[in-house]
């Protein structure tokens, strides 16, 4: 078990690639912009469905 743990720790420290601060900032920006776009799409869809349901229910029961 100790050998496995030591090899695992060694592999994590020697074989992993960590992003530079610039790469990390760029990746973070991509995530924030993607979340913003997705949120806007969900908002538009939700608002449209709300208005559609309101319109249909207004027609059915004035």
> Just a yes or no: is a residue in region 33-50 part of a helix (DSSP H, G or I), modelled with pLDDT under 95 and surrounded by 10 or more Cβ atoms within 10 Å (Cβ to Cβ)?
Replying inline: no
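Would you confirm, using the coordinates I've provided, whether residue 11 is in a helix (DSSP H, G or I), within 29 Å of the chain's Cα centre (by Cα) and either modelled with pLDDT under 95 or surrounded by 10 or more Cβ atoms within 10 Å (Cβ to Cβ) (or both)? Working first, answer last.
Working: in a helix (DSSP H, G or I): yes; within 29 Å of the chain's Cα centre (by Cα): yes; either modelled with pLDDT under 95 or surrounded by 10 or more Cβ atoms within 10 Å (Cβ to Cβ) (or both): yes.
The answer is yes for residue 11.
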>> Take the conditions over 29 Å from the mean Cα position of the chain (by Cα) and in a helix (DSSP H, G or I) and apply them to residue 22. Does it pass?
In response: no
> Looking at residue 17, is it modelled with pLDDT under 95 and not in a helix (DSSP H, G or I)?
Replying inline: yes
> Pick from 60, 53: which is surrounded by 10 or more Cβ atoms within 10 Å (Cβ to Cβ) and out of contact with any helix residue (DSSP H, G or I) (no Cβ under 9 Å at 6 or more places or on another chain)?
Replying inline: 53
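The values are calculated or read from the model by the stated rules, or taken from the named source; none is laboratory data. In this text the structure is predicted, and so the values were computed from the model without any measurement. Backbone-built Cβ (ideal geometry, glycine too); neighbour counts: all protein chains shown.
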